[in-house]
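Presented below is the structure to which this report refers.
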Amino acid sequence: MMLNYAGEILPSLMSGAWMTVQIFFWTLIISIPLGIIVSLGLRSRVAPIRWVLKFYVWLMRGTPLLLQLIFVFYGLPVVHIIFERYDAAIFAFILNYTAYFAEIFRGGFQAIPEGQYESAKVLRLTRWQTLRKIVIPQVVKIVVPSIGNETINLIKDSSLVYVIGLGDLLRAGNIAMSRDVTLLPLVMVGVIYLLMTAIATYLLRRIEQHYSTWR
Amino acid sequence: MLELKNITKRFDGRTIINNMNLTVPDGQILAIVGPSGAGKTTLLRCMSGLERIDSGEFRLDGQVFDPYENRDNDKVIGVVFQDFQLFPNLTVMENITLSPEMVLKQSKTEAEARAQELIDQLDLTGKETLHPFQLSGGQKQRVAIVRALAMNPKILCYDEPTSALDPDLRETVEKIILSLKASKMTQIVVTHDMSFAENIADQILRVEPIKPS
Ligand SMILES: Nc1ncnc2c1ncn2[C@@H]1O[C@H](COP(=O)(O)OP(=O)(O)OP(=O)(O)O)[C@@H](O)[C@H]1O
Ligand SMILES: [Mg+2]
């Protein structure tokens, strides 16, 4: 009986989960490179670039993601910037997570001693070669644990898109629950989130292991 | 032959090196000694292009060159840093071959063959695939020397090559420096250690801190 019911609602939960995965995927794949670029900008020699980016990071980290989401979807149309629900969600998430990633990468870049750049310079590597072959691998190793935390947060944060009416996993569970007056959908939603975070945790551990061959 | 002509270096208006003149003939070893703060490291950093000089010029084999700007394949000065500054993410072999491949455009095979020669010569055989954290201080230093040599420098500089090592490794460093001299490498060694300087050097330069006037 219960199994039958679970089987019945599973497809709608799965399509909700698919939405969650998409938001997760696009945010991660775009915010990480953007975060690296912003973190380099935060260390720029040009002061105005630093100010603007610092302000941006401050704003994004100092206000709730929920507010930013509502602002992008319901607020921006006031000034005739109109997003589809899905695009609004992705846009807000990228904006928010880029700021967090930038801050993490900034810390990572700061941890690389000046001597590494100097020894690369006397070996006549270009700036770009130095970044690519020496600095970025070391920064990545430093930031992987913090990026991992944010990644797990992102899976859970993605449920916030609920507020702009996007059909994600949480919404699918909620609909089934109010329609059928049972708690089972929410339990299933919880299990699916746990599965997703478990997979992410496993992948992150693999990445950390990959970087454990050197110190 | 390396010549320094009227080299002056200031930091924030404070003169660290004042009108220095100096000649280092090919294949010779110059030791730079002097108390802490005298500007030994600063001089080395100017020669290797890490600091810009305020006035004066460097000549290599009679030709003026600016180590701060010069990025040609020729006329290079190699540096072995006090704390070695190996790249922790790369293996010993990769540390050595990175620049020859990326800058001198040697093929991987070519770069590795040359690296292997130097590795064997400096008694690092078997360490090729290790990462720097797996090496002792003396081994790290030898990797740093090999890494610098692999770029075919005309001159090799060391900043305090004995300071980060156990005292009993001092002799090993002396032997390495003297064996490189035997293969005609011009070397400049900054050191606190007077007896070490006397053991290796053809020429000893004493520097003193400049008193603010
Ligand atoms: N980047 C810098 N900016 C300002 N002053 C500097 C800088 N680097 C060095 N100095 C100053 O220049 C002087 C010489 O420093 P340097 O490191 O060359 O001395 P040193 O002879 O190598 O000393 P030690 O034997 O302790 O290594 C010192 O007074 C130092 O404070
Ligand atoms: Mg010094």
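Laid out as a table, the results:
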{"read-out": "Residues located in the range B:23-55, provided they are more than 14 Å from chain A (Cβ to nearest Cβ), more than 13 Å from ligand 2 (Cβ to nearest atom) and surrounded by fewer than 17 Cβ atoms within 10 Å (Cβ to Cβ)", "value": "B:23, B:25, B:26, B:27, B:54, B:55"}
{"read-out": "Some residue of the range A:91-102 being within 14 Å of chain B (Cβ to nearest Cβ) and β-branched (Val, Ile, Thr)", "value": "no"}
{"read-out": "Given (1) within 14 Å of chain A (Cβ to nearest Cβ); (2) within 16 Å of ligand 1 (Cβ to nearest atom), number of the condition residue B:206 does not satisfy", "value": "(1)"}
{"read-out": "Count of residues meeting criterion [buried (at least 20 other Cβ atoms within 10 Å of the Cβ) and over 16 Å from the mean Cα position of the chain (by Cα)] in the range A:82-105", "value": "0"}
{"read-out": "Matching entry among B:32, B:16, B:77 (being touching a Ser or Thr at 6+ places or on another chain (Cβ under 7 Å) and within 13 Å of ligand 1 (Cβ to nearest atom))", "value": "B:16"}
{"read-out": "Selection within the range B:144-182 - among the basic types (Lys, Arg), in contact with a strand residue (DSSP E or B) (Cβ under 9 Å, 6 or more places away or on another chain) and part of a helix (DSSP H, G or I)", "value": "B:147, B:181"}
{"read-out": "Unique match (being under 30 Å from residue A:215 (Cα atoms) and not acidic (Asp, Glu)) among A:79, A:140", "value": "A:140"}
{"read-out": "Enumerated helices (runs of 4 or more DSSP H) restricted to the range A:118-215, each holding at least 1 residues that are away from chain B (no Cβ under 13 Å)", "value": "A:136-157, A:169-180, A:184-210"}
{"read-out": "First in the range B:76-88 and away from ligand 2 (no atom under 16 Å from the Cβ), second anywhere and of a type in the set (Phe, Trp, Tyr), Cβ under 9 Å, 6 or more apart", "value": "B:88/A:214; B:88/B:133"}
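A quick yes/no check of all residues on (1) touching a residue at least 60 places away in the same chain (Cβ under 8 Å); (2) surrounded by fewer than 21 Cβ atoms within 10 Å (Cβ to Cβ); (3) within 16 Å of ligand 2 (Cβ to nearest atom):
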residue	(1), (2), (3)
B:121	no, yes, no
B:132	no, no, no
B:137	no, yes, no
B:142	no, no, no
B:152	yes, yes, no
B:158	yes, no, yes
B:163	yes, yes, yes
B:168	no, yes, no
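Table: residues versus (1) part of a helix (DSSP H, G or I); (2) of a type in the set (A, V, I, L, M); (3) modelled with pLDDT of 95 or more.
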residue	(1), (2), (3)
A:9	yes, yes, no
A:40	yes, yes, no
A:56	yes, no, yes
A:94	yes, yes, yes
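The values are calculated or read from the model by the stated rules, or taken from the named source; none is laboratory data. Fair warning: this is a prediction, and the values are worked out from it, not measured in the lab. FYI the Cβ positions are ideal-geometry reconstructions off the backbone, even for glycines, and counts take in every protein chain you see.
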